[in-house]
Each structure stands twice: as structure tokens, then as C-alpha cells.
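Working notes for the structure below.
FYI, it's all coordinate maths here, none of it is from the lab. Note that the structure is a prediction, hence the values are computed from the model and not measured. Reconstructed Cβ throughout: ideal geometry from the backbone, glycine too, with neighbour counts over all protein chains shown.
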Amino acid sequence: MFKLSKPLSSLHKSLGQVVLQEMATILCPPNYVLLISLMVGCFVAASASNFYQDFQVTWGDGRGKILNNGELLTLSLDKASGSGFQSNNEYLFGKIDMQIKLVPGNSAGTVTAYYLRSEGTSWDEIDFEFLGNLSGDPYIVHTNVFSQGKGNKEQQFYLWFDPTADFHTYSILWNAQHIVLYVDGTPIREFKNLESIGVPYPKNLPMRIYSSLWNADDWATRGGLVKTDWTQAPFTASYRNFNADNACVWWSSGSTSCTSSNSNSTSSVLLSQELDSTGQERLRWVQKNYMVYNYCTDTKRFSQGLPPECTASKS
């Protein structure tokens, strides 16, 4: 879909000892205090959740399964169909975590999507999409932000680990000031509220959590050049340890759990949280070493001028 700005060979070099050393010194420096209450520490601890209570499988004709007494959810894809689920609750601001283990092996052509989305034709949306690849090649994490039904704010990243070997935590922090996407507690993207210069920002519509595993071999892997190998099916992604304890549940009355007298104090803090200097440093590290596409630098695509948020701040 987009041309990668970094070749695979350079990534493979960066995934060796250099990365381990940088992770130790940048992500968790010795003098860094772990602020668990703000959920920006070196590790994200997910509390117990139950998929039977929090989610429902919405499509896939049995390909989506809740297992282990509600502790595990799996989505599968074969040539006939993919599968998907959604949360029972809607949310308006807060922090949401999900541990995901992505499709292993030759996952080319597949997309595992994990996102927030509101209802209606003029919707808001915050996306993680994991684009599968040939065995041995890295996944691409495709991110986007929609407001009032319009997106076109894509940023793509490689990861500094194999996301198919184990579960990793993917988080969305969403408040009125900014949206931050995290991987294992490390910020990879920040999208700021710049309504002051005319940039739409999702802040009024409650959003539900969705995830799906589907075939997108017309664009997902190397712009559609690599097709899904159905002899490898079924493809399976796994989910566990969902945590929305610090998210604001939307009520039909028009208020949220964060405005009640019994609201979580941590949720209240998150509603105004900004990235501190350490978070900014970690964000710059990821974007310098692992970003492979940024709409804010795509002058060919935006030949009439880059979007205003791209020149106002680093999105």
C-alpha cells in the first residue's frame, strides 16, 4: 500500500544485540521511576478479565472462540471466512490494554485489526492493524486515526521483537489532549488534539473495541504482490488479559463512569495525562529506528501541501 522507507535487511541488523542494548538503556533507564498509576512504566500489568463478560464474537461462523473459562479468545481465518469480536461496553476516553499473539509463520496477506470505533457514517476510529508477512520477515504495524469519517493519517512501524512468539501488550491512551499508541508500555505514536488549527479530533463520540482477522492480500503484504498461502490455513491470532479498568465506560444517560462519584482516581489522572520527557525520548527512539511510513513526510501523496498537523507538530 505504501513504499517502505527502510529495507528489510537494515531491520534485521537492528534486531540484534544493538537493539537489546538500546532497549536496556533507553526504555528502562536505571533512574526511571515506574509510574504504575499513570500506566507509562517499563512494564504493563494487565488485570484479570473475562471475555465472556466483556466481549462477544460477532462473525466468523465458529471461527472466533472464547476458551479457558473466558481467559483466552482466538480468532481464525481460512479461505471461506475470517472472524471478529467486539466489546459489550462503549468508552469515551481512558486507557485500554490487550495482550495479543499474532499469526505465526507465513502470515502474508492476512490482517489482524485491533481498534476503537464509533457508530454512524461520520465515525471516529483509532487503529492498530498488523500486516502479515512471509516467514522470517517482520510484521508491519499500521496505525491510523479517523475523525468525522476521515482518516488518511497513516503511520507504519516494524517491531523490535517477534510478535508471534509470545503475547505482547498493545495499548491505546485516549483523552481530550492526545491519543498515544503503546507497545509493551513503549509509546510508538502520539496524535495531538490540534482543533485550534482546524484539525478534527475524536472527542465527542463513544467508541467500542473491535478486533478481526481477515484476508487482505490485495494490499496487505508488499502492496498486494504477495498473496495468502491458503495451504497454511487456518491462521490464528490469540488474545488475553484485556484491561479497561482505567477507561471511561459510556452510559446511555450520556455520562461516563469517570464522571460518577465512584470513579477510578487513576482514570481521572489519565484524562489529562501528557507524555513526560522520558516518554518523549522513547517515542523518538521508536520513530527514528522503526518507523517505515509517515504520512507527514509523504510529499508525493500530498502534492498540494502536507496536512496542517504535520507542520504544526510531529504527529
Note down the net charge around VAL111, summing +1 for each Lys or Arg and -1 for each Asp or Glu among other residues with Cβ under 12 Å from its Cβ. -4
Over all distinct alpha-carbon pairs, what is the Kirkwood Rh of segment 152-220 in angstrom? 14.8
Do any of LYS150/LYS192; LYS101/LYS150; LYS65/LYS101; LYS153/LYS203; LYS79/LYS150; LYS153/LYS192 go past 19 Å between their Cα atoms, and which? LYS101/LYS150; LYS79/LYS150
In Å and from the alpha-carbon atoms only, list the Rg and Dmax of segment 61-191. 15.1, 42
For segment 155-160, Karplus couplings with θ = phi - 60° (6.51, -1.76, 1.60), whole Hz, Gly/Pro x: 10, 10, 9, 8, 10, 9
Obtain the radius of gyration and the Kirkwood radius of segment 51-313 from its C-alpha atoms and give Rg over Rh. 0.95
Eligible aspartates and glutamates near LYS300 by straight Cα distance, threshold 20 Å, same-chain separation 8 or greater: GLU154, GLU309
Would you list, by chain and number, the aspartates and glutamates whose Cα falls below 14 Å from the Cα of LYS227, excluding same-chain residues fewer than 8 positions away? ASP78, ASP217, ASP218
For ASN152 and SER253 in the same chain, what is the full-extension length gain: residue separation times 0.36 nm, less their Cα-Cα distance, in nm? 33.1 nm
What residue among GLY305, PHE191, PHE242 has its Cα farthest toward the positive end of the dipole of segment 51-313, where the charges are +1 on Lys, Arg and -1 on Asp, Glu, each on the Cβ? GLY305
When ranked by the protection proxy of mean other Cβ atoms within 10 Å per residue, highest first, what sequence do the peptides 218-224, 130-136 form? 130-136, 218-224
Give, rounded to the nearest 20 debye, the magnitude of the charge dipole that segment 51-313 has about its Cα centre when Lys and Arg contribute +1 at Cβ and Asp and Glu contribute -1 at Cβ. 300
So, by mean Cβ neighbours within 10 angstrom, what's the order for 67-80, 239-252 with the highest one leading? 239-252, 67-80
Report, largest value first, the span of the C-alpha coordinates of segment 113-264 along each principal axis, in whole Å. 53, 35, 27
Net charge of neighbours whose Cβ lies under 12 Å from the Cβ of ASP137, counting Lys and Arg as +1 and Asp and Glu as -1: 0
Once you put a point 7 Å from the Cα of GLU281 and another 7 Å from the Cα of SER196, both along the Cβ direction, what distance in nm separates them? 2.7
